[in-house]
Amino acid sequence: VFTDQLRTILGPGGYLEGDDISARYSADITGYSVGQPALVMRPRTAAEVSQLLKLCHGAGQQVVPQGGMTGLSRGGIPKDGELVLSLERMTDIEEIDTRNGTMTVQAGAILQTVQEHAEDNGFIFPLDLGARGSCTIGGNIATNAGGNRVLRYGMMRELTLGLEVVLADGTVMTGLNRVVKNNAGYDLKHLFIGSEGTLGIVTRAVLKLFPIPKSQCVAFCASDSFDSVIELLHFAKAKLGASLSAFEVMWQSYYDRVQAARPNLKLPLTGDYPYYVLIETSGGDEELDSRLLEGALEIALEDQLVADAVFTKSKAQVDAFWEVRDISMEVAATLQPYHGYDVSIPLSGMQSFVAALEGAVAGDWPDATLVMIGHLGDGNLHLCINLGAPPAQPPSQTIDEVVYTITGRHIGSISAEHGIGLLKRDYLRFSRTEAERSLMGTLKEVMDPQGILNPGRVVRG
Ligand SMILES: Cc1cc2nc3c(=O)[nH]c(=O)nc-3n(C[C@H](O)[C@H](O)[C@H](O)COP(=O)(O)OP(=O)(O)OC[C@H]3O[C@@H](n4cnc5c(N)ncnc54)[C@H](O)[C@@H]3O)c2cc1C
């Protein structure tokens with residue numbers, strides 16, 4: 001009877017069951033799955049989501065929200081007995097307010113479609129990530145997505161002005177705020193941004209738009225020491241100001257593998273250096289912006305912050321320089337089977353973090369290979385570790401425990417971008433105090449007393 005009521009709300013085409021449920025609703029993009037949903041609900045409106053959740057709340061039925069299923073923390077993968085609530089039919093771009101510089105969209109809108117709509121109207125929506133063609137705005141909000149231009153524009157939290165959310169009991173909470181300054185009480189949207197579908201279903205959002213930059217210049221640099229890289233970052237921030245839009249660091253371990261992944265890719269710099277840095281500026285005046293970056297580069301070379309560098313403002317070469325950084329998944333694939341991590345470390349402790357990690361990994365797995373890159377402007381490091389042949393003496397900790405213990409010791413975050421989901425839940429203690437975890441649990445109990453929304457993700461259910 002209960003499932004019949006759900007079907008009636010959704011109508012024909014609004015749900016999938018049995019053999020009609022394809023693998024993409026039970027597995028993430030890596031193919032990982034843990035169960036099979038009995039029903040996939042595909043509502044079209046917040047009112048439908050509300051009716052569905054009201055019923056599920058009453059029946060204690062657990063529900064997993066899904067966007068584009070590109071998340072890498074296993075937050076949207078259903079377990080047996082859970083129903084899927086997919087936002088895939090809620091894709092409308094409802095409004096672009098060009099005076100205000102805002103866009104109102106339904107949560108299932110694909111990021112790339114949102115970017116293209118913004119550009120058609122003379123703006124950019126600056127969130128950008130490799131999964132742009134599949135990930136949704138709702139998923140981006142639920143994971144507080146970051147990507148390449150966080151340094152300049154911030155994460156999804158900074159790009160979201162308002163939200164409409166359906167709460168676990170079916171209450172529709174509409175807060176489609178359009179103003180930057182709104183201190184009328186608690187800013188409730190922040191409860192849902194980054195909550196990975198555990199506190200409510202995002203159904204609509206008001207997003208911030210920005211003017212289309214007229215220039216894009218890139219310098220590809222090599223540095224002799226990590227201290228020089230950190231100094232270069234501070235120098236770039238001071239000298240380039242608001243035009244600085246990316247500061248990406250590649251360790252030699254990464255750079256040396258780029259051609260193993262793409263034999264035909266021409267490297268911007270030859271020679272052996274421990275660090276390579278991609279600096280990007282974007283702004284409103286091509287001539288001025290390129291002179292600014294070129295001038296800064298000359299000083300950096302004179303001051304030996306940089307050992308070698310190439311500069312470009314040509315679109316083709318900008319893309320070629322970025323390609324070296326963007327093929328990180330392909331570079332990681334050369335290390336299969338590998339363990340991947342996405343951590344944040346305060347810049348002041350990053351060198352010590354890397355040294356501690358290298359020491360611990362080499363000590364326990366003498367045959368291991370460790371490759372690193374980072375959105376260093378945001379303190380974000382991506383680590384890829386192939387453990388090599390099993391060591392003669394079995395290590396006392398798993399590689400996850402080693403990485404997260406050292407991250408915790410350096411007051412870092414075990415999840416810079418991808419969230420906690422099921423994958424990292426048991427390691428949350430390395431980044432959040434007991435009091436923080438306890439408050440997270442309390443919030444979950446208050447907002448979802450039946451525990452129906454993504455149970456067991458982020459915090460224990
Ligand atoms: C090639 C590649 C590159 C990537 N690069 C980056 C990157 O640079 N930065 C980054 O931050 N991430 C990155 N990701 C991870 C991923 O793309 C992001 O986490 C993205 O925001 C997930 O969006 P999605 O629509 O696919 O969400 P899903 O994977 O479907 O869901 C993610 C989580 O959000 C919940 N959820 C989804 N929709 C809603 C909703 N409407 N309301 C409530 N909860 C919801 C799900 O239950 C799940 O817990 C990358 C992934 C890939 C495959």
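Read the figures in this text as sums done on the coordinates, not as results from a lab. Nothing here was measured: the structure is a model prediction, and the numbers come from that model. We place every Cβ from the backbone using ideal geometry, glycine too, and count neighbours over all the protein chains shown.
Key figures for this structure:
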| item | result |
| --- | --- |
| Label point distance in nm, S225-E436, each placed 7 Å from Cα along Cα→Cβ | 3.2 nm |
| Calculated FRET efficiency for the pair E17/I212, C-beta based, R₀ 45 Å, to 0.05 | 0.50 |
| Residues E445 and M173, FRET efficiency given R0 of 25 Å [Cβ-Cβ distance, rounded to 0.05] | 0.90 |
| 29 Å Cα-Cα reach of K444 towards lysines, excluding residues that sit fewer than 8 places from it in its own chain | K54, K79, K181, K189, K208, K424 |
| Over region 304-461: Kirkwood hydrodynamic radius from C-alpha pairwise inverse distances, Å | 18.0 Å |
| Volume of the Cα convex hull of region 27-91, divided per residue and given in Å³ | 79 Å³ |
| Lysines with Cα under 25 Å of K313, excluding same-chain neighbours fewer than 8 positions away | K214, K237, K239, K266 |
| Rh (Kirkwood; distinct C-alpha pairs) - region 38-188, Å | 16.4 Å |
| Alpha carbon convex hull of region 257-360, volume per residue in cubic angstrom | 154 Å³ |
| A333 paired with E358, simple spin-label distance in nm, labels 7 Å along Cα-to-beta-carbon | 2.9 nm |
| Simple Cβ-charge dipole of region 373-461, Lys/Arg +1 and Asp/Glu -1, about Cα centre, in debye nearest 20 | 120 debye |
| Estimated dipole of region 52-169 in Debye, rounded to 20 [Cβ of Lys and Arg +1, of Asp and Glu -1, Cα centre] | 400 debye |
| Selected from A118, S225, G81, residue furthest toward positive end of dipole (the chain; charges at beta carbon) | G81 |
| Percentage, to the nearest whole number, of Cα pairs in the chain over 28 Å apart | 55 percent |
| Label-point separation, L129 to A260 (7 Å along Cα→Cβ), nm | 2.7 nm |
| Rg and Dmax [Cα atoms of region 133-227; Å; Rg one decimal, Dmax integer] | 16.9, 57 |
| Per-residue [θ]222 nm for the chain (sum of -39500 (n - 2.57) over DSSP H runs n ≥ 4, rounded to 500) | -9500 deg cm²/dmol |
| Fraction in percent of alpha-carbon pairs per bin - 5 Å, region 179-317 | 2, 8, 16, 16, 13, 11, 10, 10, 9, 5, 1, 0 |
| Low-density loop positions, trypsin sites (Lys or Arg not before Pro), region 191-286 - DSSP coil, at most 16 other Cβ in 10 Å | K214, K266 |
| Computed E for T8/V180 - FRET, C-beta separation, R0 51 angstrom, nearest 0.05 | 0.75 |
| Alpha carbon convex hull of region 207-289, volume per residue in cubic angstrom | 143 Å³ |
